[in-house]
Amino acid sequence: MNMIYSIRMRSAENGPHETGGTHISGAERLVKKDSITSVATTLIERALTHPKGNPDFINLTIDAIPSHQVHGIPALSITTSMPTTLSESHRIATNLLSNIGIHPSAITAAFHQLSHNSPSCSGAWLIHKDTGEIYESPVRVTRMDVEDEESFLTYLEQHHVNSPHTREALVLASKVLACNDIIAELCWSDDPDYTTGYISYDTNYHRLTHMKHQGSSIGGRAFFVTSFQHIESIITFLSSSPVLVYIEENQYVP
Ligand code: WAQ
Ligand code: MG
């Protein structure tokens, strides 16, 4: 059978995440067999040279998935706003979330949760869009990658956002919104030097330059869900359904 390989890395300092270690970095790739060794090396190097710290725990997991289980999904459209202050960024983000029908209590819950996120948290919080209720445990999204490296990079370059942060976040955000029960995401990085975050909704990936203060290592992700009724299938989709993200012809800048 034709196989594709999921490679996942997560690293932490002061012990594993499970025992309260501080999350340093994580990454997910989905590659052909002949790329496993080089991608694994790249991910380990990345863990060892991350600006957040020196991991004493690195977990690398590789597993084979039959290619026929992999689904292609289109990339979201990129927009960038460049507010100069954190409060202006949060105001724009709040408006975007509110415009698509997310209750103010859910928006407040998301900002509060991310601003106080635990340094050991390597997953996303699921928040009910009408009540602001937060599901008990965070979910890590895995098993995703770009379908074609070259066209993805061309797309990012056309939008002047060719950075590893955007590449990975756009893949993750595109997969997350492919889940029927999720209508939006709020995210900013835990990397102290990276203040740009985003809101994604419908087919949009809307970047905002000042989602947190420079130097802060608190970041996180919140996914707004329409109901907790199908929580098991939401979690299964996010954590184990393999997805490759492609660029549609009409998404390129003419
Ligand atoms: N699944 C769920 N949550 C995750 C995952 C994942 N695979 N990876 C990270 N998180 C959570 C976790 O709490 C991290 O602390 C937090 O998100 C931030 O992760 O310029 O770099 O990898 O286009 O630091 C946005 C890019 C960058 C905006 C986001 O996130 C742009 C970023 P980081
Ligand atoms: Mg990070």
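Give me the dipole magnitude in Debye, nearest 20, for segment 126-235 about the Cα centre, with unit charges on the beta carbon: positive for Lys and Arg, negative for Asp and Glu.
280 debye
At q = 0.11, 0.16 Å⁻¹, work out log10 I(q)/I(0) for the chain with the Debye formula, treating every Cα as an identical point scatterer and leaving solvent out; two decimals please.
-0.57, -1.31
Which of rounded, prolate or oblate describes segment 50-91 when judged by the alpha-carbon gyration tensor and an a/c cut-off of 1.5? Kindly include the intermediate steps, with their values, before the conclusion.
Values: a/c = 4.81, a/b = 1.35, b/c = 3.57.
Oblate, because a/c is 1.5 or more while a/b does not exceed b/c.
Given charges of +1 on the Cβ of Lys and Arg and -1 on the Cβ of Asp and Glu, with all other atoms neutral, how large is the dipole of the chain about its Cα centre, in debye to the nearest 20? Walk me through the numbers before you get to the answer.
Values: 16 positive and 27 negative charges, 55 e Å.
Computed about the Cα centre, the dipole is about 260 debye.
Please report the spacing between the Cα centers of segment 223-254 and segment 1-37 in Å, no decimals.
19 Å
For segment 1-140, what is the relative contact order in percent, using Cα pairs closer than 8 Å and at least 6 residues apart in sequence?
25 percent
Output the relative contact order of the chain, whole-number percent, from Cα pairs under 8 angstrom with separation of 6+ residues.
25 percent
Each reported figure results from applying straightforward, stated rules to the coordinates on display, with no laboratory input. In this text, all values refer to a predicted model and were calculated from it rather than measured experimentally. Note that each Cβ is placed from the backbone with ideal geometry, even for glycine, and that neighbours are counted across all protein chains shown.
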